[in-house]
Amino acid sequence: GVPVLFVVPWVVLRYLYENEGCWERNEKVAVWWVIRCPILVAVAVNFVVFVRIVRILVAKVRTHQVSRGDTRLRLARSTLTLIPLLGVHEVVFALAGEGEGGGGLRLAR
């Protein structure tokens, strides 16, 4: 229910100040930041959680050293599983504007 606290004011502001056809354009920056700030906070929190989990995984892999050399593979596999689950890929595109220009970063997103 917490996202409603941010989505409802954003919808009201979009309706009052930027209700022109498609809502994918973000011409008024202040209205865009009403919804973007909570998203950035969530991405930052998920990134911190990701880093802590990876640190725990590294510590566990190091303590359970196996004679085989598959510890790096296990660590890489678990890390690559966590990236989409926690949305860590969003850190790269966090500040890239969704409606701004046609730059390479927007195109990659």
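The values are calculated or read from the model by the stated rules, or taken from the named source; none is laboratory data. Bear in mind that the values here come from a model prediction, so they are computed numbers and not experimental data. Virtual Cβ from ideal backbone geometry, glycine too; neighbours counted across all protein chains shown. To get the accessible areas, we keep the full protein, side chains included, count just its heavy atoms, and leave off ligands, DNA and RNA. Shrake-Rupley method; radii C 1.70, N 1.55, O 1.52, S 1.80 Å.
How would Arg14, Arg72 line up by accessible area, probe 1.4 Å, largest first? Numbers along the way, then the final one.
Working: Arg14 0, Arg72 200 Å².
Most to least solvent-accessible, the answer reads Arg72, Arg14.
Dipole magnitude of region 3-98 about its Cα centre, charges +1 at Lys/Arg Cβ and -1 at Asp/Glu Cβ only, in debye to the nearest 20?
860 debye
Hey, got the Cα dimensions of region 3-98 along the principal axes, in Å, largest first?
Largest first, region 3-98 extends 65, 21, 16 Å along its Cα principal axes.
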